[in-house]
């Protein structure tokens, strides 16, 4: 227990750093999850635009254009007063001014006929309404080409414009990224930064000459010392892992713990913990300077976060970056987290991808633990 207490004292010295980092991460995750909550679930809906129409033709065609715009917009007639219309646009009491010139219907067959439009420069309403008007006028031309009179063509075009289509989305089982999946997206950065810092400082403390001599002279056997050190690290890792699993509760996503995919999340975060711990042990055996530990904890955490889709979505990564990141376990953690976060159930194909990701993360952890043992043996041989 003496060795175990020694490990725990060193952990307590770095507890403030770990807690501060965890709290900062928790706040960022909560804000991110709240911001992205229900994102992607809102589908397109036509926007109602305030429109002012100056009809100087007062024909069947001009009335038809006005009626078409009135179907899902707020249309107000007005007389031609450029100063008043400009002021209305400036104060945003209207967003779109349409001027229909005289003889518009008479000259409709001519290519020179145009409608004068004034709108907020670069606004989406301008492009949207211009396209709607052009489409409506093209429909009238099509009906006239079929032998209909102007009045009949306008009536047919208005009837067609009033129709709405029913769209049914195919249910593929894929949903928007769940809130708790968003919070888990940033776990690799926290795991790497905190574990590299903590493990490196603990190993550095027990590598000091004074502590080594005391431990060698103590009645505690090397096996007991190794067992005590392993127990201390396991306690640190399990507490850290359990704390990170409370993130869904902090963001109000208690349904996470009753989800069918909860065991898969446990497996993915556990694989992440093992991978990050193995890398932390390897770095801790190589680095002995305090400033180097801080620098590596930050640089490795940030570098891997940008390469593996933690800070940058996987969809935005270039193919060359993805090809390189496939050799890192944290990339596969993000792939699995995204698959779990966007599906309510796992198909056989997705289950295969998740299992493959688990195996890659476990293989990476095993490789770095072996490298750590090799470095330790070589260092002990020199001493």
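Computed from the coordinates by the stated procedures, all read-outs in this text should not be read as laboratory data. Keep in mind that what you see is a predicted model, and the values were worked out from it rather than measured. Virtual Cβ from ideal backbone geometry, glycine too; neighbours counted across all protein chains shown.
Rounded, prolate or oblate: pick one for the stretch 236-341, where a ≥ b ≥ c are the square roots of the eigenvalues of its C-alpha gyration tensor, a/c under 1.5 means rounded, and failing that, prolate if a/b is larger than b/c, else oblate. If you can, show how the numbers build up before the last one.
Working: a/c = 2.13, a/b = 1.27, b/c = 1.68.
Oblate, because a/c is 1.5 or more while a/b does not exceed b/c.
Sort out for me the Cα centre separation of the stretch 50-72 from the stretch 307-383, rounded to whole Å.
What the calculation gives is 61 Å, centre to centre.
With labels modelled as points extended 7 Å from the Cα through the Cβ direction, what inter-label distance (nm, one decimal) is found for residue 13 paired with residue 28?
So the two model labels end up 2.7 nm from each other.
For a footprinting-style exposure proxy, rank 189, 7 by other Cβ within 10 Å, fewest first. Show your work: numbers first, answer last.
Numbers: 189 24, 7 21.
Fewest to most other Cβ atoms nearby, the residues stand as 7, 189.
What Kirkwood hydrodynamic radius do you get for the chain when you take the inverse of the mean 1/r over all pairs of distinct Cα atoms, in Å? Show your work: numbers first, answer last.
Numbers: mean 1/r = 0.0379 Å⁻¹.
About 26.4 Å for the chain.
Report the rotationally averaged projected area of the stretch 50-162 based on its alpha-carbon convex hull, in square nanometres. Display every interim value, and only then the final one.
On the way: hull surface 26.9 nm².
Average of the hull's projected areas for the stretch 50-162 equals 6.7 nm².
Please check: in the Gaussian network model of the chain (C-alpha springs, under 10 Å), which one of 337, 130, 294 has the largest mean-square fluctuation.
Of the options given, 130 has the highest mean-square fluctuation.
So how far apart, in nm, are the two label points at residue 76 and residue 205 if each is 7 Å from Cα heading toward Cβ?
Once both label points are built, they end up 7.2 nm from each other.
Could you tell me the relative contact order of the chain? Use alpha-carbon pairs under 8 Å, at least six residues apart, and round to a whole percent. All intermediate terms of the calculation are to be shown ahead of the outcome.
Working: 396 pairs, mean separation 76.1, N = 383.
Computed over the chain, the figure is 20 percent.
Would you mind checking the tilt of helix 348-382 against the longest principal axis of the Cα atoms of the chain, expressed as 0 to 90 degrees and rounded to 10?
30
Between residue 374 and residue 312, what is the spin-label point distance in nm, taking each point 7 Å from the Cα along the Cα→C-beta axis?
3.1
Please give the helix 262-286 orientation as an angle from the longest Cα principal axis of the chain, in degrees from 0 to 90, rounded to the nearest 10.
Long axis of 262-286 versus the principal axis of the chain: about 50 degrees.
With a Förster radius of 22 Å, plug the Cβ-Cβ distance of residue 128 and residue 106 into 1/(1 + (r/R0)^6) and report the FRET value to the nearest 0.05. It would help to have the intermediate numbers written out before the result.
Details: r = 28 Å, r/R0 = 1.28.
About 0.20, to the nearest 0.05.
As a footprinting exposure proxy, order 158, 19 by other Cβ within 10 Å, with the fewest listed first. Each step should come with its number before you reach the end.
On the way: 158 18, 19 12.
By the 10 Å Cβ count, ascending, the order reads 19, 158.
Working from Cα positions, state the angle (0 to 90°, nearest 10) between the long axis of helix 2-13 and the longest principal axis of the chain.
Helix 2-13 and the main axis of the chain meet at about 40 degrees.
With 10 angstrom as the radius, rank 132, 224 by how many other C-beta atoms surround their C-beta, starting from the fewest. Don't skip to the answer; put the middle values down first.
Numbers: 132 18, 224 15.
So the ranking, lowest neighbour count to highest, is 224, 132.
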